Every structure is written in C-alpha cells, then in structure tokens.
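Worksheet for the structure shown next.
Just so you know, all these numbers are worked out from the coordinates, no wet-lab data involved. These figures come from a predicted structure and were not determined experimentally. For neighbour counting, all protein chains shown are included, and Cβ atoms are generated from backbone atoms with ideal geometry for every residue, glycine included.
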C-alpha cells in the first residue's frame, strides 16, 4: 500500500468532497505525526485517551496500523487498526475526527480505508466497541455493514456500556464463503476438544443434532486412545472417525504414516504399548466399515477439495500459536474465502467464541501440523444418505 490512501470506488465518502476546494488526504502515519495525534485525542475525547506511549507503540509496531486524514497540512482525523498475529481478525481500536471537520465525510473515509487495509492484510473480520450513547457512530458503522454482536457493561472510564460490533469481510472477496451461522460447542473438559470439534462438524451437517455434555462424554469414551489413572487420554483421528461413523456420517480420515500418534510425549513404555494397541484395534474395526483411511501427507489443497464438496474437516493443530500452550488440539473448519479460514475452536470462550476465529492461510500452514515429525491429521465428515444412516 502506498503512503496515500484513496477512498474506494462506490463508497459514499468518495464523493463527499467533490465540491470541496481542498479535500482531505488519507495516508499512513509518520513519526512526525505524534504531537498532532496527541492533540487530536485531547480535543476529541474527554476520557479513555490514548497516552503518548500508547501512540508511539501504535506508530512503531507491526501489530497496528494508523491511518491519518490530513487537510491543509493539518491532521483532522485518524483511525487505528490492531492485528492479532494468530488470527485473521482486525480490531478497529479508535476512529476520531476533530469537531471542526465533522459532517464532511472524513469519518466514513477513514472507516472505508480501514476496512480496505484490513482486507489487504488478509483479515476476514473487523470488530470494534462503541459507546451505547453514541448514536452518530452507531449509524455510521451500521451503514458500513457492521452488526451488533454483544454488549459489555461499564466498558468506558465513566461507566458507560459499550456495544460490540462486527463487520465480516468474507463477502468482499469473490471466493468460497463460510456459512453465516455455524453451531458452536465449547469443550467442558480439558481433554474433550476432539469430541467438541466433532460435535460442531456433525451439527453443521445435521442441524437437528442436540449438542450437550452427554454426547460430548459419549464421543470421548468411544474415541479416546487411552484412559489411565495418571491422566485422561486424548482422542486420535481413528477414534474420532469411528465415533463419527457410528453417528451416521460418511467419513474420510487422514493420519500420519509413521504409526501411533501421541506416543512421543509418553515416557512409560507400557503406556506406549497400550496406546498402540488401542489405535490398532480401532483401525481393525474401521477396516470393516466404508470409512476411507488415507495415511501420509495432508495438504491444505486437499482440505479445500473436501470443503468445496460441502464436507466439514475436523483438523489437528498445534496449540502453541493460538493459546501459548504446547500440545495437540482439534478444531473445526467452517469455511475459506480464498485467503482466510473460518475456524471454530472448542477451547475459545467469551461472547465472541460462537462467531468463530479467522486464520489466514499462511498462518494456518504453520499450525495445522503437530509434533516433532510435523505430520497432519484430520477427520472429514460428509452427509450420509438417510437410508444408510446407522445411529447409536
């Protein structure tokens, strides 16, 4: 992106200044703008102001982008975007225009440019907070396609509540779109991410499926590799595939070719043998079913082929880049827009968890392999014709 940012074609703000002798110029921030931005903050806000140190961080760090509106060599407005490295969600942290320049469309120009910048950086969703009593801002955001997704009590310094808004960028790019809604189920135990991810995939294909803790535990019992006194076992791809088949779905399972998963982190040779035995038994049972077993490399392109057919992948990832913990973790893929995956993570919590998280393809390439051998695993679910369903 160049230093100057033009309003995008078709945006109402693009014509707001056609009769103005000196329309504003939008550009990326410079170090020299620091004092002007501090002054902007002072005249625009009576509280919750960004500090000098905060502005320096926003200007200098790659995790943020600051857009400046300049008119007659003066800064008249600014917008701040913040980026999460692990996900494809951008946060519109602040947008401000000096009182003398309001009503001229500068806020809309900044907002449109911010959305464009978020899309250019492969973000799929932009979120923000705004005061419940700021009707003008709410109207501007609604016109730009933002919808209310929640409310946070006493968010601001003066005790005012905040509305949480979201704007999807999925439909701004011509590509495979994610469904507008997707069933979300958070895992209720530390060791049931696999069953919870599987439940979300199943419910997306069978909307009448009841997602509750009884089903979560039943699937875990059927899919877990091992359960011993020293700890609860995790679920591997074969166990999840078997559980999904018993629930009446067509299943394709991708698994590493080297042998049993999760044994590298187990020191006790007896436990290693039991894990291998349980996995071998599951594989033997799967061989008597129509479940397709594919051992070997799993590419992103293969996952996308399944998704284009309307199938839903449950994929093993590394926890570290998402949650800062070491270990394997199962998530459900709900869509791909050509740049970004929409992912439902059963470990997520909070009001926004049900909307899923968005992860750029380049980031997903880093996290969808687990272990020292960096091999991938997935369980792909598809609808089975009703006449062939066998439920348990």
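Tabulated data
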| quantity | calculated |
| --- | --- |
| Relative contact order (%) - the range 4-171, alpha-carbon pairs under 8 angstrom, separation at least six | 19 |
| Distance from the range 342-385 to the range 234-257 (C-alpha centre basis), Å | 16 |
| Point-to-point label distance, residue 208-residue 323, nm (Cα→Cβ direction, 7 Å offset) | 3.4 |
| Ranked packing of 198-206, 156-164, 325-333, most packed first, by mean Cβ within 10 Å | 198-206, 325-333, 156-164 |
| Zone of residue 160's modelled label, taken as backbone nitrogen in the range 32-52 under 11 Å from a point 7 Å along Cα→Cβ | 45-48 |
| Segment residue 134-residue 49, extension gain: residue separation times 0.36 nm, minus the distance between their alpha carbons | 28.9 nm |
| Estimated FRET transfer efficiency (residue 281, residue 188; beta-carbon r; R0 25 Å; 0.05) | 0.40 |
| Estimated FRET transfer efficiency when R0 is 45 angstrom, pair residue 30-residue 365 (beta carbons, to 0.05) | 0.85 |
| Rough spin-label spacing in nm, given labels placed 7 Å along Cα→Cβ, for residue 309 and residue 57 | 4.8 |
| Nearest-0.05 FRET efficiency for residue 257 and residue 153, computed from C-beta distance (R0 41 Å) | 0.20 |
| Protection proxy ranking of 185-192, 148-155, 118-125 - average other beta-carbon atoms within 10 Å, highest first | 118-125, 185-192, 148-155 |
| Full-extension gain in nm, residue 120 to residue 352, via 0.36 nm per residue minus C-alpha separation | 81.2 nm |
| Spread of Cα-to-Cα distances over 5 Å intervals beginning at zero, given as percent, for the range 193-388 | 1, 7, 17, 22, 22, 17, 10, 4, 1, 0 |
| Cut-off 19 Å (backbone N to label point 7 Å along Cα→Cβ of residue 86), residues of the range 116-143 | 123-127 |
| Kirkwood-Stokes translational diffusion coefficient of the range 4-171, alpha-carbon pairs, 20 °C, 1.002 mPa s, µm²/s | 132 |
| The range 42-104, Rg to Rh (Cα coordinates; Rh as Kirkwood inverse mean 1/r) | 1.00 |
